[in-house]
Amino acid sequence: MKALFAAAAALVLAASASANTVTVSNTTHKDPTGFGTAFTDSDVYTFTLTSDTWFSGQLNTAGKLSSVPAVDINAVTLSNLTTGESISWSQVLGVDWSAKRVGLEQWALSPLQLDAGTWSLSISGVSYSNKQGNGYNVAVALPEPGSVALAFAAVAGALVASRRRKSA
């Protein structure tokens, strides 16, 4: 029972300290035409992984002055500059831009293991407001290697404790 408790405590500690979260924002996109102005932000965030690492992320559209943004994100892409691999994020929450010109969009990348190399995040979309800046806030999570090892140790400890209990 003590081993199971220790394994559960280690797993909780690993989960709470599992990631360095990096936040990147850009709310400078405007539309002087009144018909929508397209933008592409290449290399929004670039990072280098020395080994294969778990990664996840979320993007929310944002307005500089109001709580309701007027920006349509068309694509969010994570590219490995070393190998050429490209991973597209999924739109979780969308807006019917033919019906209205404001609304919150959300894009996400579920946790997955990235290969070692240099990675870059790129975002493209259309801004529909000329009075305020529009854009996005991106939060990405990169786990610390020690916390991943701690999580594996916790799971292994739980399995050992479970087997001991069954055999006793």
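The values are calculated or read from the model by the stated rules, or taken from the named source; none is laboratory data. Just so we're clear, the structure is a prediction, and the values are computed from it rather than from any experiment. FYI the Cβ positions are ideal-geometry reconstructions off the backbone, even for glycines, and counts take in every protein chain you see.
In the list 127, 42, 122, which residue meets the criterion of being assigned by TED's automatic domain parsing to the domain that holds residue 29, under 16 Å from the mean Cα position of the chain (by Cα) and on the phi < 0 side of the Ramachandran plot?
Within the list 127, 42, 122, the selection yields 122.
Checking residue 97 against (1) over 17 Å from residue 120 (Cα atoms); (2) within 15 Å of the chain's Cα centre (by Cα); (3) among the aromatic types (Phe, Trp, Tyr), which single condition isn't satisfied?
The one condition residue 97 does not meet is (2).
Anything in segment 103-116 that is in a strand (DSSP E or B) and farther than 17 Å from residue 55 by Cα? List them, or say none.
106
Okay, residues lined up against (1) touching a residue at least 40 places away in the same chain (Cβ under 8 Å); (2) surrounded by fewer than 13 Cβ atoms within 10 Å (Cβ to Cβ); (3) farther than 23 Å from residue 21 by Cα:
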| residue | (1), (2), (3) |
| --- | --- |
| 78 | yes, no, no |
| 94 | no, no, yes |
| 114 | yes, no, no |
| 127 | yes, no, yes |
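For segment 122-136, enumerate the residues that are outside any strand (DSSP E or B) and out of contact with any Ser or Thr (no Cβ under 6 Å at 6 or more places or on another chain).
The answer is 128, 129, 130, 131, 132.
Quick one: is residue 119 part of a strand (DSSP E or B) and of a type in the set (Phe, Trp, Tyr)?
Answer is yes for this residue.
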